[in-house]
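*Asks:* Before I ask anything, here is the structure I am working with.
The values are calculated or read from the model by the stated rules, or taken from the named source; none is laboratory data. Predicted model only: the values in this text are computed from it and were never measured. Positions of Cβ are generated from backbone atoms using ideal geometry, with glycine treated the same way; all protein chains shown enter the neighbour counts. These accessible areas exclude ligands, DNA and RNA; they are computed on the full protein's heavy atoms, side chains included. Shrake-Rupley method; radii C 1.70, N 1.55, O 1.52, S 1.80 Å.
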There are 2 protein chains.
Amino acid sequence: MMSTQPARGMRDFLPEDVRRRDYVVGIIREVYDRYGFEPLETPAAENIDTLLGKYGEEGNKLVFKILKRGEHEASGQADLALRYDLTVPFARVVAEYQATLPRIFKRYQIQPVWRAERPARGRFREFYQCDIDAIGSTSVLVEVELLAAASEVLTRLGFKDFVVKLNDRRLLTALLTTAGVPAAGHTEALTALDKLDKIGVEGVMKEFESRGIDAHSTARCMEFFTGGGKEEGVLDRLQRFLGGAEMVETMTTIMSMAQSTPAAGHVRIDPSLARGLSYYTGAIMEITVPDLPGSLGGGGRYDNLIGMFLGREVPACGFSLGLERILVAMHERGMFPPEVNQSFVDVVVAAIDENAQAAAIEAATDLRKAERLRVDLYPDVVTKMDKIFKYVDQRRAKFIAILGSNEVTAGTVTVRNVAAKTKETIPRDQAAAFIKRSLTD
Amino acid sequence: MMSTQPARGMRDFLPEDVRRRDYVVGIIREVYDRYGFEPLETPAAENIDTLLGKYGEEGNKLVFKILKRGEHEASGQADLALRYDLTVPFARVVAEYQATLPRIFKRYQIQPVWRAERPARGRFREFYQCDIDAIGSTSVLVEVELLAAASEVLTRLGFKDFVVKLNDRRLLTALLTTAGVPAAGHTEALTALDKLDKIGVEGVMKEFESRGIDAHSTARCMEFFTGGGKEEGVLDRLQRFLGGAEMVETMTTIMSMAQSTPAAGHVRIDPSLARGLSYYTGAIMEITVPDLPGSLGGGGRYDNLIGMFLGREVPACGFSLGLERILVAMHERGMFPPEVNQSFVDVVVAAIDENAQAAAIEAATDLRKAERLRVDLYPDVVTKMDKIFKYVDQRRAKFIAILGSNEVTAGTVTVRNVAAKTKETIPRDQAAAFIKRSLTD
């Protein structure tokens, strides 16, 4: 027998799952629309050269590669690859359509991405990202808008306790330089630092050592991140280590401007925030909630990526909400409104007699003409009422409209209220109004 | 410089495209929901064995294959494949979750599929299908419901002249048998017959010949399809060739029951309709419109497919609307309502002075609190008004809310009506109400 499971690390979404996902995606789209972002979609597969080399060594390995079509399949040659994130395809799109896009272009994109990860709990090979990006401006208002929009989404979904961590890639670079880490080792050091939350200071120190960073530089870095035992604010510590508030001006401006947006009260400067991806060049940000490992989303400024496609630099900044983690957090906290799991069928029409089937179709057609009424037609002749009761229970239907020979002769229909366990035989042309009235009672 | 085009045969959807697609998909979802179908989604990639062998020899070649992850990549071994249609994944899902699904399960699924076709005009390697399927019943009410739902979608979209062609695989089999085509040649004969519309009777005769079907059988078949010059109805011809109206009972029942649904007046029996896919076992159907090559959708009964996964037969029937052809037809006929292309931003907030940027953010936040107002914040300081005029024109915004030092000092904002070319300076806390009032004027 053939396996019936989905491919490893991928998931089937049954109706209840789809409805929960649609509820969250609906709010994300609505907020992003209202913030002036425009929808964009790109193909699932890209030419393999578009993706390779954009995500670092580790990323290259995690890109799913597709065999060239036709007789080439035998050679094992891959010419396409599955989308690994939404940022690189967006950069390609900006380069391709530059002549027709506004100079400042704000887009949102909600699509799945694929990564050939080792499957693990909560780590999937197919998952949705919900990205907003704005190109064409170096103004910090871009960062503020992204954080405002993402914060409004989370607030609308019911999150109250999220934290927006803010840092700047340039500050990390300055810190590593000051600590004596040579420029060639920065990427490796950042990759290690990105795990600070997970593996702690000792873990990062070990990684630094294994990556050949000398003990003195490592000690200087760790002193910075742990504060060296001193009681001082983050900004003071930055001042003490990097000497000069101008290094942190971007961050403090973003933070103060965010105070008049839905991000107000959520933003914290976190000098240890590194973000794994190699293409960031300025502000980096991440949103977390207590008790949930990992982040609900993250992003940053990447002023060089589009240039790799276009040949000239175009400033850009983006933020990506991770749909899967948002859903996990909402599920664990019971944050879905009841209507997401309520009935999705108002009435099931059923014939209890073969000669009543034509009338059942007519009745279903009539009921469907009533605005918003959701009408299911049971296709088999109902010979045992138990069967239809089980079915309407599984469908969470509120009414059953039954047609037998008596009803056909009299031009009526018997409407049964499932919850109230009442039934009433009424003229067929009054059934829609009767059910709508009962629904709003 | 790296290529910036999407992969061959695949497409980027810019904001205008996405909006048109969302409009159509929105109506499809709404109708399917109201007909009692439930949403389902499956992963883009399936285990390769799930797909291979389900679509015939030709189909196997057109399945995109994905290299096994990690070190296996070098061997050229593929263990995953991209979804080729939505029916086979659905059959797998039914087998996997049989214990929890209702005995009669009606689902809709709107997702892209991928086929490694040779690219050609209007033929894509990535395209959306919008499927409805119902399992668990052999009643013709299932076929009637599918045709009713698909017809309601098309009617709601504005199609008036669509034709629903109806045939039955068993009837084609009987005809081929009567004509003397041996059972082993039926699949090949059906593949050839499926092209009757495109290549005509002579073309099909040539194909029959090249597939080794003898001249006498070919002549008998062609006589049937051309009517042999006789003036007679389709049903009479079926009677004459296959002797017995019982062969066509299913079709005539479907046709007469469809008369009391939105499919009324659209259904025609077409004995030459073959449908390429090999898994059909009963009724087959296809929707076409005049002047558009190919079909807007098609489907049929496939009572054996789920058994390939489950080990016991489960009756099933489905219909798939092709989103891409619907969009082409609607575009060519100018069927999109004007609001699909109208403005998607109400107001662009812009600072004309660096010191006004903080106030601009505050103003944007305030405006966004007004229900339904779509507010874009221009991130750069506007030094030349031409620039912002060009931008609001590209964004099709209706108002500009301008903030400079005067406005900051006075707590006001200057609101410019783009179309009317008027402007007015008003207190900031009245801006939202002012704009909303002007929008509804």
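*Asks:* Any idea which of B:Arg395, B:Arg372 is open to solvent by 50 Å² or more (accessible area, probe 1.4 Å) and within 36 Å of the chain's Cα centre (by Cα)?
*Replies:* Numbers: B:Arg395 fails: open to solvent by 50 Å² or more (accessible area, probe 1.4 Å).
Matching residue, one of B:Arg395, B:Arg372: B:Arg372.
*Asks:* Would you point out which residue out of A:Ser256, A:Ser278, A:Ser272 is out of contact with any Pro (no Cβ under 7 Å at 6 or more places or on another chain), open to solvent by 40 Å² or more (accessible area, probe 1.4 Å) and in contact (Cβ under 8 Å) with a residue 40 or more places away in the chain? Please lay out each step first, then the result.
*Replies:* Working: A:Ser256 fails: in contact (Cβ under 8 Å) with a residue 40 or more places away in the chain; A:Ser272 fails: open to solvent by 40 Å² or more (accessible area, probe 1.4 Å).
Going through A:Ser256, A:Ser278, A:Ser272 in turn, just one is out of contact with any Pro (no Cβ under 7 Å at 6 or more places or on another chain), open to solvent by 40 Å² or more (accessible area, probe 1.4 Å) and in contact (Cβ under 8 Å) with a residue 40 or more places away in the chain: A:Ser278.
*Asks:* Would you please name the residue that is farthest from A:Leu373 (Cα to Cα), looking only at residues in segment A:393-433 that are among the acidic types (Asp, Glu) and touching a helix residue (DSSP H, G or I) at 6+ places or on another chain (Cβ under 8 Å)?
*Replies:* To start, the set of residues in segment A:393-433 that are among the acidic types (Asp, Glu) comprises A:393, A:407, A:424, A:429.
Cutting the leftovers down to touching a helix residue (DSSP H, G or I) at 6+ places or on another chain (Cβ under 8 Å) gives us A:407, A:424, A:429.
Values: A:Glu407: 22, A:Glu424: 19, A:Asp429: 15 Å.
So the residue we want is A:Glu407.
*Asks:* For segment B:18-93, list the strands (runs of 3 or more DSSP E) that sit wholly inside it and hold at least 2 residues that are at negative phi and small (Gly, Ala, Ser); which are they?
*Replies:* Qualifying strands (runs of 3 or more DSSP E): B:78-82.
*Asks:* Could you list, ordered by first residue, the pairs with Cβ atoms under 6 Å in which the first is in segment B:169-182 and under 19 Å from B:Tyr279 (Cα atoms) and the second is of a type outside the set (S, T, N, Q) and open to solvent by 10 Å² or more (accessible area, probe 1.4 Å), at least 6 apart or interchain?
*Replies:* Note: pairs meeting the criteria are B:Arg169/B:Tyr280; B:Leu171/B:Met247; B:Ala174/B:Leu242; B:Leu176/B:His186.
*Asks:* State yes or no: is B:Arg237 among the charged types (D, E, K, R) and in contact with a Cys (Cβ under 6 Å, 6 or more places away or on another chain)?
*Replies:* Details: among the charged types (D, E, K, R): yes; in contact with a Cys (Cβ under 6 Å, 6 or more places away or on another chain): no.
Here the answer is no, as B:Arg237 does not meet what is asked.
*Asks:* So in segment B:196-215, with the set limited to residues that are among the small types (Gly, Ala, Ser) and part of a helix (DSSP H, G or I), which one is farthest from B:Gly56 (Cα to Cα)?
*Replies:* Out of the qualifying residues, it is B:Ala215.
*Asks:* Among the residues of segment A:371-387, what is the count of those that are more than 10 Å from chain B (Cβ to nearest Cβ) and either touching a strand residue (DSSP E or B) at 6+ places or on another chain (Cβ under 6 Å) or of a type in the set (A, V, I, L, M) (or both)?
*Replies:* 2
*Asks:* For B:Gly294, indicate whether it is at positive phi, open to solvent by 10 Å² or more (accessible area, probe 1.4 Å) and either more than 19 Å from the chain's Cα centre (by Cα) or β-branched (Val, Ile, Thr) (or both). Talk me through it step by step, then tell me what you get.
*Replies:* On the way: at positive phi: yes; open to solvent by 10 Å² or more (accessible area, probe 1.4 Å): yes; either more than 19 Å from the chain's Cα centre (by Cα) or β-branched (Val, Ile, Thr) (or both): no.
Here the answer is no, as B:Gly294 does not meet what is asked.
*Asks:* Of all residues in segment B:56-98, count the ones that are under 25 Å from B:Arg34 (Cα atoms) and either in contact (Cβ under 8 Å) with a residue 40 or more places away in the chain or more than 9 Å from every other protein chain (Cβ to nearest Cβ) (or both).
*Replies:* Residues flagged as under 25 Å from B:Arg34 (Cα atoms) and either in contact (Cβ under 8 Å) with a residue 40 or more places away in the chain or more than 9 Å from every other protein chain (Cβ to nearest Cβ) (or both) within segment B:56-98 amount to 10.
*Asks:* For segment B:380-392, which positions are under 25 Å from B:Gln430 (Cβ atoms) and open to solvent by 70 Å² or more (accessible area, probe 1.4 Å)?
*Replies:* Result: B:Phe389, single match.
*Asks:* Filter segment A:1-16 for residues that are at the interface with chain B (Cβ under 8 Å from one of its Cβ atoms) and touching a helix residue (DSSP H, G or I) at 6+ places or on another chain (Cβ under 9 Å) and give the result. Even if it seems obvious, please write down each step before you answer.
*Replies:* Step one: of segment A:1-16, the residues at the interface with chain B (Cβ under 8 Å from one of its Cβ atoms) are A:1-7, A:10-15.
Within segment A:1-16, A:Met1, A:Met2, A:Ser3, A:Thr4, A:Gln5, A:Pro6, A:Ala7, A:Arg11, A:Asp12, A:Phe13, A:Leu14 meet the criteria.
*Asks:* Need at least 2 residues that are within 14 Å of another protein chain (Cβ to nearest Cβ) per element, so show me which strands (runs of 3 or more DSSP E) inside segment B:101-195 make the cut, counting only ones lying wholly within it. Before the answer, list the steps.
*Replies:* Values: elements: B:105-114, B:126-135, B:163-168.
Correct list: B:105-114, B:126-135.
*Asks:* Among (1) surrounded by 21 or more Cβ atoms within 10 Å (Cβ to Cβ); (2) in contact with a Gly (Cβ under 6 Å, 6 or more places away or on another chain), there is one condition B:Leu86 misses while meeting the rest; what is its number?
*Replies:* Result: B:Leu86 passes all but (2).
*Asks:* Starting from segment B:29-43, take each residue that is more than 7 Å from chain A (Cβ to nearest Cβ) and list its partners that are hydroxyl-bearing (Ser, Thr, Tyr) and open to solvent by 10 Å² or more (accessible area, probe 1.4 Å), counting only C-beta distances under 6 angstrom and pairs at least six apart or across chains.
*Replies:* B:Tyr32/B:Tyr108; B:Phe37/B:Tyr108
*Asks:* In segment B:333-368, what residues are of a type in the set (A, V, I, L, M, F, W, C) and open to solvent by 60 Å² or more (accessible area, probe 1.4 Å)? Spell out how you get there, then give the answer.
*Replies:* Residues of segment B:333-368 that are of a type in the set (A, V, I, L, M, F, W, C), as a first pass: B:335-336, B:340, B:344-345, B:347-352, B:356, B:358-361, B:363-364, B:367.
Once the filter is applied, which keeps residues that are of a type in the set (A, V, I, L, M, F, W, C) and open to solvent by 60 Å² or more (accessible area, probe 1.4 Å), segment B:333-368 yields only B:Ile352.
*Asks:* Looking only at segment B:297-332, filter to residues that are acidic (Asp, Glu) and more than 19 Å from B:Phe159 (Cα to Cα); which one of those is least open to solvent (accessible area, probe 1.4 Å)?
*Replies:* Start the filter on segment B:297-332 by keeping residues that are acidic (Asp, Glu), which leaves B:303, B:313, B:324, B:332.
Applying the additional criterion that residues be more than 19 Å from B:Phe159 (Cα to Cα) yields B:303, B:313.
Details: B:Asp303: 38, B:Glu313: 112 Å².
Going through the qualifying residues, I end up with B:Asp303.
*Asks:* Looking at (1) open to solvent by less than 10 Å² (accessible area, probe 1.4 Å); (2) β-branched (Val, Ile, Thr); (3) part of a helix (DSSP H, G or I); (4) over 25 Å from B:Asp49 (Cβ atoms), find the lone condition where B:Ile287 falls short.
*Replies:* (3) is the only condition that B:Ile287 fails.
*Asks:* Answer yes if at least one residue in segment A:120-131 is at negative phi and out of contact with any Gly (no Cβ under 9 Å at 6 or more places or on another chain), and no otherwise. Please lay out each step first, then the result.
*Replies:* Applying the first criterion (at negative phi) to segment A:120-131 yields A:120-121, A:123-131.
Now drop any that are not out of contact with any Gly (no Cβ under 9 Å at 6 or more places or on another chain), which leaves A:121.
Within segment A:120-131, one or more residues are at negative phi and out of contact with any Gly (no Cβ under 9 Å at 6 or more places or on another chain).
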